[in-house]
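All remarks here apply to the structure that follows.
The values are calculated or read from the model by the stated rules, or taken from the named source; none is laboratory data. On a predicted model such as this, the values are computed, not experimentally measured, just so you know. Every residue, glycine among them, receives a Cβ derived from its backbone with ideal geometry; neighbour counts consider all protein chains shown.
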Ligand SMILES: [Zn+2]
Ligand SMILES: [Zn+2]
């Protein structure tokens with residue numbers, strides 16, 4: 001069938017709207033009519049080359065839509081189901097899924113190529129016939145996509161798609177970074193570094209988990225103000241500017257949990273987070289950045305001060321249980337999701353969406369698809 005999607009052709013390039021030929025779903029695959037997709041910073045890391053992937057590629061991994069066709073072995077969803085996409089499969093069968101860690105499901109291996117599980121493409125650029133992948137085997141910047149059934153989860157029909165798409169990546173990642181990665185306890189003092197589409201949810205998660213003080217370090221002024229609406233107790237333009245207040249609140253020890261959710265992390269910035277984390281505290285890292293071996297930290301701090309550094313993928317969430325839970329929390333008014341959406345874009349405006357993200361104008365931009 002014919003689809004339309006935003007494709008990145010080379011590192012440093014621009015997103016280009018392409019007509020796409022889309023294959024039929026294979027036995028264990030589903031065809032999804034994508035209704036909405038978040039413009040997540042991770043997609044931009046494929047453009048900058050921070051995350052090496054096989055290009056060209058259809059962008060997007062934060063999606064929600066409707067199942068319109070299923071392969072003959074599909075059991076998880078059926079035609080007509082509203083679904084949220086999973087950027088890591090949850091196969092339910094591998095060692096990691098079996099022990100409750102589907103955020104590192106073995107079937108995530110090889111997703112940088114964006115092809116189907118069998119290694120072959122589902123998308124073909126209509127003009128040239130070239131077979132291409134979709135980001136993490138999804139490609140939600142296309143108005144239709146084919147993915148494995150383990151990358152789709154049914155959601156209730158009454159949930160708006162623009163809200164549902166955010167939960168599939170940024171919300172789960174940020175909320176889980178605080179609740180699961182930081183193991184925040186009542187009374188804790190928490191610092192969130194960077195309040196974009198992930199960090200804002202780390203703020204919400206920290207409050208849910210019972211933190212008394214949720215400090216934010218964010219260079220963009222209006223995001224600092226927004227953070228207060230999402231539950232931050234104080235906001236500062238940098239970690240440096242927050243240090244005095246952190247010392248006051250913690251008897252000079254440092255925060256219980258520091259959560260790094262900046263747009264791009266490097267070893268220096270991570271070192272700053274570790275420095276400001278107190279004795280027995282946890283630094284949570286869920287940002288993308290360089291692959292260099294470059295963390296600026298003293299090994300002795302970890303031993304003497306019993307600090308830990310917790311890497312977080314997908315909020316350490318099990319999306320099959322956590323996505324419906326987050327959506328229920330939204331229904332109950334316990335988590336803000338609509339408020340995360342700053343601007344809505346068409347597929348032809350994806351470059352503008354990322355320019356706005358870089359300009360500090362968006363918490364989250366959302367692509368709303370059309371289907372002729
Ligand atoms: Zn994402
Ligand atoms: Zn698995």
I'm checking my understanding of the structure. Among residues of region 16-33 that are surrounded by 24 or more Cβ atoms within 10 Å (Cβ to Cβ) and touching a helix residue (DSSP H, G or I) at 6+ places or on another chain (Cβ under 7 Å), which one is nearest to residue 143 (Cα to Cα)? 30
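On the given criteria, is residue 30 in contact with a strand residue (DSSP E or B) (Cβ under 6 Å, 6 or more places away or on another chain), closer than 22 Å to residue 7 by Cα, modelled with pLDDT under 95 and not in a loop (DSSP other than H, G, I, E, B)?
Working: in contact with a strand residue (DSSP E or B) (Cβ under 6 Å, 6 or more places away or on another chain): yes; closer than 22 Å to residue 7 by Cα: yes; modelled with pLDDT under 95: no; not in a loop (DSSP other than H, G, I, E, B): yes.
No.
Report the residue count in region 251-307 for those that are assigned to a strand (DSSP E or B) and surrounded by 15 or more Cβ atoms within 10 Å (Cβ to Cβ). Give the steps one after another, and end with the answer.
Start the filter on region 251-307 by keeping residues that are assigned to a strand (DSSP E or B), which leaves 255-260, 265, 277-285, 289.
Keeping just the survivors that are surrounded by 15 or more Cβ atoms within 10 Å (Cβ to Cβ) gives 255-260, 265, 277-278, 281-285, 289.
Number satisfying all stated conditions: 15.
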Residue check: is residue 176 closer than 24 Å to residue 108 by Cβ, modelled with pLDDT under 95 and either assigned by TED's automatic domain parsing to the domain that holds residue 37 or within 15 Å of ligand 1 (Cβ to nearest atom) (or both)? no
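For residue 224, are the conditions met, namely being touching a helix residue (DSSP H, G or I) at 6+ places or on another chain (Cβ under 9 Å), in contact (Cβ under 8 Å) with a residue 24 or more places away in the chain, surrounded by fewer than 24 Cβ atoms within 10 Å (Cβ to Cβ) and in a helix (DSSP H, G or I)?
On the way: touching a helix residue (DSSP H, G or I) at 6+ places or on another chain (Cβ under 9 Å): no; in contact (Cβ under 8 Å) with a residue 24 or more places away in the chain: yes; surrounded by fewer than 24 Cβ atoms within 10 Å (Cβ to Cβ): yes; in a helix (DSSP H, G or I): yes.
Taking the combined requirement at face value, the residue does not satisfy it.
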Which condition breaks for residue 67 when tested against (1) closer than 19 Å to residue 324 by Cβ; (2) in a loop (DSSP other than H, G, I, E, B)? (2)
Going by the structure shown, is residue 247 without any contact (Cβ under 8 Å) to a residue 24 or more places away in the chain and more than 16 Å from ligand 2 (Cβ to nearest atom)? yes
Going by what's in this entry, would residue 43 be described as on the phi < 0 side of the Ramachandran plot and in contact with a helix residue (DSSP H, G or I) (Cβ under 7 Å, 6 or more places away or on another chain)? yes
Residues of region 98-118 being within 6 Å of ligand 2 (Cβ to nearest atom) and either in a loop (DSSP other than H, G, I, E, B) or without any contact (Cβ under 8 Å) to a residue 40 or more places away in the chain (or both), which ones? 105, 106
Residues 309, 326, 274: which one is in contact with a helix residue (DSSP H, G or I) (Cβ under 9 Å, 6 or more places away or on another chain) and within 30 Å of residue 65 (Cα to Cα)? 326
Hey, residue 216 crowded, with 20+ Cβ neighbours inside 10 Å and without any contact (Cβ under 8 Å) to a residue 40 or more places away in the chain or not: yes
